[in-house]
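Enquirer: Just dropping this structure here.
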Amino acid sequence: MSQDWWRGAAIYQIYPRSFQDSDRDGVGDLKGIVRRLDHIKSLSVDGVWISPFFPSPMRDFGYDVADYCGVDPLFGSLQDFDTLIAAAHARGLKVIIDQVWSHSSSDHAWFQDSRQSRDNPKADWYVWADPRPDGSPPNNWQAWFGGAAWSWEPRRRQYYLHNFLSTQPDLNLRNPSVRDAIREVARFWLERGVDGFRLDVANYYVHDAQLRDNPPSGRSAPALPRDMQIHAWNSNQEETIGVLNELRALTDGYGARMMVAEVAPGSFDVMAAYTKGTDRLHTAYSFALLADWPGVEQLAAIITQWGEDQGDGWPSWAMSNHDVPRVAGRWATALGCSPDQAGPILFALLIGLRGTVFIYQGEELGLIDGEVPFERLRDPWGIAGWPATKGRDGCRTPMPWEAASTHGGFTDGDPWLPVDAHHVAQAVDRQDTRPGSMLSIARELLLIRAREKVLRLGGIRVLEAADNALVIERRGSTAAEGRVLLMYNFSAAARVSAHDGELLLGVGARRIGRGIELAPFGFAILKSA
């Protein structure tokens with residue numbers, strides 16, 4: 001594949017805890033991923049993104065890393081990871097892994113050294129600050145999981161910054177020694193053959209040196225106090241670009257590798273700034289489709305906001321992931337349909353977008369969030385926000401593979417989160433060979449995207465966006481490359497479109513003369529010259 005293989009690629013996200021257990025401990029692992037690679041290959045995707053599997057106390061389930069260059073025994077070993085890389089590459093699948101360089105676990109040896117004193121060799125590897133004269137934290141910054149973003153360390157008689165849990169102290173990437181150490185981590189995994197990195201909360205790499213207070217957001221009484229302020233000074237600092245420049249130079253030195261960033265909450269302006277040119281991120285994925293249903297008119301604006309000049313950067317898109325409710329359930333109510341109706345049309349929308357697309361495990365099955373009672377919750381965000389928010393456990397429940405097997409074929413042990421009975425009915429083996437199943441539709445859609453260059457790399461133009469109807473044109477740079485029309489009916493009433501062409505795929509679509517009739521929540525993909 002080309003140096004820029006990631007442009008227009010379809011990447012399948014694996015949340016390893018919930019993908020496939022191989023050793024009966026109720027937690028998915030690297031050997032389990034290897035076992036299920038043929039399923040991923042059957043989807044015609046280009047690669048996988050694997051969420052964290054590094055040594056961790058698991059207070060935030062792997063996003064609190066205690067050793068950046070190892071594998072937690074819960075998931076296997078470095079040898080298992082090497083086997084996974086080889087098995088994926090043998091199937092033509094690229095492998096992207098998460099890297100959490102904004103913060104570490106408080107269990108990391110770096111932090112354990114840093115917290116001891118103000119003058120040890122790693123004293124400045126994390127963000128430390130003196131208290132205000134009244135003993136309170138140095139500013140008003142609020143953590144994403146609730147409460148102040150500062151915790152007291154009596155040995156140093158200072159506060160340390162943590163934008164997330166108090167056990168996730170922020171690394172000080174203003175320190176050149178820290179940046180050097182992070183680049184060594186990147187080299188470690190690049191040398192093992194990974195094809196890229198997904199950078200967790202990359203816009204939180206650098207903090208405001210003056211520690212200025214964040215301004216109020218104007219929101220009153222949200223579920224968590226973090227939403228009552230604009231995160232102007234604890235994220236999105238200009239100096240972050242310099243960190244990205246260094247990482248890009250390193251990554252490019254290894255050939256056809258890439259970096260995709262999460263920039264949370266991630267406005268378009270931030271994503272564009274972090275990806276423009278050739279010395280920053282390769283791409284960043286939008287949060288706009290991870291939120292509430294925007295309506296057709298706003299949706300049209302969202303998917304066309306990226307410029308198409310060479311220096312404008314490259315977008316990535318996801319509708320579901322390990323941090324948000326699954327889209328088939330999240331948008332169905334607003335659309336006025338069932339999740340079964342929403343699944344196919346939303347998957348078809350995703351594969352029609354200009355950019356790189358990410359499919360979250362189970363999205364190809366049409367899964368909605370699993371039910372997790374309070375006593376089974378594991379997510380600290382969900383526990384802290386209960387009952388106003390149920391957190392992220394619902395989108396992290398185990399993947400269903402075989403309907404007749406124990407726990408849907410995910411494990412023979414006690415699963416770390418309950419397997420939803422409704423998910424078992426949608427297991428892979430139930431849908432695998434059934435024409436018209438969500439899995440069959442997803443495979444057809446991804447195969448069309450893989451075959452049609454214009455869908456992966458072509459330009460995008462909205463032809464219609466009104467009255468719950470959306471028509472997108474994807475066009476090549478030359479007439480010979482042709483164009484593809486994608487027609488979506490986001491309403492409960494049938495509608496007829498005058499557009500014509502070769503019907504590549506339609507769900508709830510039929511020809512009427514030289515036009516196409518779309519059933520409620522139906523879609524059609526047409527190819528024309």
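Each reported figure results from applying straightforward, stated rules to the coordinates on display, with no laboratory input. Since the model is a prediction, treat every value here as computed from it, not as a measurement. Cβ atoms come from the backbone with ideal geometry, glycine included; neighbour counts cover every protein chain shown.
Enquirer: Apply the Karplus curve 6.51 cos²θ - 1.76 cosθ + 1.60, θ = phi - 60°, to the phi angles in the range 412-429 and return the couplings in whole Hz, x for Gly and Pro.
Expert: Running phi through 6.51 cos²θ - 1.76 cosθ + 1.60 with θ = phi - 60° gives 8, x, 8, x, 5, 10, x, 8, 5, 4, 5, 5, 4, 5, 9, 4, 4, 5 Hz.
Enquirer: Mind checking the angle between helix 176-191 and the chain's longest principal axis? C-alpha axes, 0 to 90 degrees, to the nearest 10.
Expert: Approximately 40 degrees, to the nearest ten.
Enquirer: Further, regarding this structure: Principal axes first, then extents: for the Cα atoms of the range 91-185, list largest minus smallest coordinate on each axis, whole Å, largest first.
Expert: Cα spread of the range 91-185 along its principal axes, largest to smallest: 61, 31, 21 Å.
Enquirer: Okay, moving on. Which of the three applies to the chain, rounded, prolate or oblate, going by the alpha-carbon gyration tensor with a ≥ b ≥ c and a/c under 1.5 meaning rounded? Mind showing how you got there, number by number?
Expert: Values: a/c = 1.64, a/b = 1.50, b/c = 1.09.
Because a/c hits 1.5 or more and a/b exceeds b/c, the chain counts as prolate.
Enquirer: With contacts defined as alpha carbon pairs under 8 Å and 6 or more residues apart, what's the relative contact order of the range 459-528 in percent?
Expert: That works out to 29 percent.
Enquirer: Quick one: helix 339-351 against the long Cα principal axis of the chain, what's the angle to the nearest 10°, folded into 0 to 90?
Expert: Approximately 80 degrees, to the nearest 10.
Enquirer: Whole-Hz Karplus ³J(HN,Hα) for the range 471-479, in order, using 6.51 cos²θ - 1.76 cosθ + 1.60 and θ = phi - 60°, x for Gly and Pro?
Expert: With coefficients 6.51, -1.76 and 1.60, one gets 10, 10, 10, 10, 10, x, 6, 10, 4 Hz.
Enquirer: What ³J(HN,Hα) values, in whole Hz, does the Karplus curve 6.51 cos²θ - 1.76 cosθ + 1.60 give for the range 277-291 when θ = phi - 60°, with x put for Gly and Pro?
Expert: Result, rounded to whole Hz: x, 10, 10, 10, 5, 5, 6, 9, 9, 6, 8, 4, 9, 9, 9.
Enquirer: Positive end of the charge dipole of the chain (Lys, Arg +1 and Asp, Glu -1 on Cβ, about the Cα centre): tell me which of Leu504, Gly409, Gly336 has its Cα farthest that way.
Expert: Leu504
Enquirer: Moving to a separate point now. Compute the FRET efficiency between Arg475 and Ser440 as 1/(1 + (r/R0)^6), taking r as their Cβ-Cβ distance and R0 = 25 Å, and round to the nearest 0.05.
Expert: It comes to 0.35.
Enquirer: Can I ask one more? Sort out for me the Cα centre separation of the range 247-263 from the range 4-18, rounded to whole Å.
Expert: Result: 15 Å between the Cα centres.
Enquirer: Which residues make up the longest stretch of the chain clear of GluC sites (Glu not before Pro) that lie in a DSSP loop with no more than 16 other Cβ atoms within 10 Å, not counting the sites?
Expert: Answer - 1-237.
Enquirer: So how do Tyr254, Tyr274 line up by other beta-carbon neighbours within 10 Å, fewest first?
Expert: The fewest-first ordering by Cβ neighbours comes to Tyr254, Tyr274.
Enquirer: Write down Rg/Rh for the range 459-528, rounded to two decimals, with Rg from the C-alpha atoms and Rh from the Kirkwood relation over Cα pairs.
Expert: 0.97
Enquirer: Return Phe374, Phe268 ranked ascending by Cβ neighbour count within 10 Å, so the fewest neighbours appear first.
Expert: Phe374, Phe268
Enquirer: To the nearest 20 debye, what is the magnitude of the charge dipole of the chain about its Cα centre, counting +1 on the Cβ of each Lys and Arg and -1 on the Cβ of each Asp and Glu?
Expert: It comes to approximately 880 debye.
Enquirer: Taking amide H atoms as placed 1.01 Å from N in the peptide plane, list the residues 5 or more away in sequence, or in a different chain, whose amide H sits under 5 Å from that of Met258.
Expert: Gly196, Phe197
Enquirer: Additional query: What angle, in degrees between 0 and 90 and rounded to the nearest 10, separates the Cα long axis of helix 438-451 from the longest principal axis of the Cα atoms of the chain?
Expert: Helix 438-451 sits roughly 90 degrees off the main axis of the chain.
Enquirer: Going by how many other Cβ atoms sit within 10 Å of their own, how do Ser528, Ser286, Ser114, Ser77 line up, fewest first?
Expert: Working: Ser528 12, Ser286 22, Ser114 27, Ser77 15.
Going from least to most buried by this count: Ser528, Ser77, Ser286, Ser114.
Enquirer: Right, here's the next one. Classify the range 1-62 as rounded, prolate or oblate from the Cα gyration tensor: take a ≥ b ≥ c as the square roots of its eigenvalues, call it rounded if a/c is under 1.5, otherwise prolate when a/b beats b/c and oblate if not. It would help to have the intermediate numbers written out before the result.
Expert: Details: a/c = 3.16, a/b = 1.65, b/c = 1.92.
Oblate, since a/c reaches 1.5 and b/c is not below a/b.
Enquirer: Still on this structure, please answer the following. To the nearest 0.05, what FRET efficiency results for Lys41 and Asp269 with a Förster distance of 60 Å applied to their C-beta separation?
Expert: Computed FRET efficiency for Lys41 and Asp269: 0.95.
Enquirer: Principal axis lengths of the range 174-304 from Cα atoms, whole Å, largest first?
Expert: Cα spread of the range 174-304 along its principal axes, largest to smallest: 48, 40, 25 Å.
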